[in-house]
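Below is one structure, written out as structure tokens; the observations come after it.
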Amino acid sequence: MTVPPPSGVPSAPADLAARLTAFVRALRTHGLRIGPAETVDAAAVLAVLGLAEREQVRAGLAAALLRTDGQRGVFDAAFDLFFPLGVGDPEAVRRASAQQTPEAADPADPGAPGPADLMDPNADPAARREDLRARLVAALAADDRAALAGLAGEAVAAFGRYGGAGAAGRPGSDGWSAYQTLGRLAPETLLARVLAALRAGAAGTGSDPSAPDLADHVLPDEIRRRIQGFRAMVATEARRRAAELRGTERLAERAVAPSTDRIDFLTAGRDQLAELRRTVHPLARKLATRLAARRRRAARGRIDLRRTLRRSLSTGGVPLRPAHRLRRPARPELVLLCDVSGSVAGFSDFTLLLVQAMRDQFSKVRVFAFVNRTAEVTDLLTRGGGDPATLARRILTEAKVMGHHGNSDYGSALGEFAERHLDAVGPRTAVLILGDARNNYRDPHLPALRLIAARARQVHWLNPEQPSLWGTGDSAAPDYARVVPMHCCRNARRLGEFVARLLPV
């Protein structure tokens, strides 16, 4: 079976290069660093594997194009658009899947989706929904991925279409929605029915379904994992059908979720923040390696003329091996001043965890948090154990960071720091201020920031908002930017680049 072409991409074998370059171009728009060498390697992979085995093509292209962790989600979503399993209605997809996995598409298997399972669109929607849910329970209980893929296609066809004739013919007003499909099908509510089906199957084999064992604890989590996998299949199918309407490259640019390191701190959801926290330690190891290399290079000072001349005696007076005066650069001290209010809590939380993971790179680290009052939270941050997901909440509840109200007040916080904690700043100290500088129209207290900048080796303000928003509404960012450098750090990648480039050695 040959993988059908996506909409707008040439299908002739001679034009396979056009499809590959469009795929690579889409990956680059999402921040994946893919050069000509990787693209040539990917073309060689396609030349060797062909298009007959889709999953082998996926694995081969991933090996050729991906170089760092955290990129596979973007790759898989784009691959499903540019190398889809089928084109058109779900029956075409089912036939393609059956050709690739014939053992999973046995016509004698009542759980396998077939042409008769595609219900009449004019049938009762409630009956159609219940039929799909019943077959979904059976497929989840059997963990039949081929049947689940077919059901995902049927569900999108039955419940995912919006617009069309009811949208007054407006261009771009119709399409396919995974959110709408899942909202109507509600697969997450089937957990109890799937567990009941599994226990009934266990009773049919003669085992005691009421016997308490490890399965009672493992099965619910396993079923939730299968339901999550089905939800991903629905999302993939909806994107595939939408790509046929609007063009693959356009949809790849807009509908593929960014990689973890490119998720904006201010718009990240709970699951995305949890994924960001999991990237802290790999990012910290990478940055620590870069800082250590910079320190080794910085240890070489000016050329030592006397030692260089002595060395040159062994080479006839030619200074082939210059000698340098060795420097012993001290590790810098670091002070963090973090806004932990609700608007930027995720950004501060991630940065605090990153600095905590890199604390060995600094001679001293002190951390201060504020909403409208400033309190030192170094001990709270370094206290053993604890769930990093609750870091911001622990700071808010255990440290005195709020006064009579819960709104951010950068002026009061900076003033209190300059008055009570200025001894933490010295000539070897790098100060990082984390926050969006939204001061709720209060006094920004610029003299306090000038006093901190005068004592520190350097001060940098990290702002998670995009620069076009600085100075809008209650933002005092332009005022603070006239005193200390302000940097846009909207995601983990930008933050990592800043730390690697600007932290002192």
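The values are calculated or read from the model by the stated rules, or taken from the named source; none is laboratory data. Predicted model, so just to flag it, every value in this text is computed and none were measured. Note that we place each Cβ from the backbone using ideal geometry, even for glycine, and neighbour counts take in every protein chain shown. Only protein heavy atoms, including side chains, enter the accessible area calculation; ligands, DNA and RNA are left aside. Shrake-Rupley method; radii C 1.70, N 1.55, O 1.52, S 1.80 Å.
Structure summary
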read-out	value
Alpha-carbon Rg with Dmax, taken over the stretch 343-386, Å	10.9, 31
Shape category assigned to the stretch 425-505 from the gyration tensor of Cα positions, a/c cut at 1.5	oblate
DSSP-assigned coil residues among trypsin sites (Lys or Arg not before Pro) in the stretch 464-496, each with at most 14 further Cβ atoms within 10 Å	Arg482
Per residue value of the accessible surface for the stretch 23-70 (all protein chains in place, 1.4 Å probe), Å²	50
Loop-located chymotrypsin sites (Phe, Trp or Tyr not before Pro) in the stretch 410-458, at most 15 other Cβ atoms within 10 Å (DSSP)	Tyr441
Cα-based shape type of the stretch 375-465, given that a ≥ b ≥ c are square roots of the gyration tensor eigenvalues and the cut on a/c is 1.5	oblate
Along each principal axis, Cα extent of the stretch 220-281, largest first, Å	40, 32, 17
Efficiency of FRET between Thr382 and Thr289 - r from beta-carbon atoms, R0 25 angstrom, step 0.05	0.65
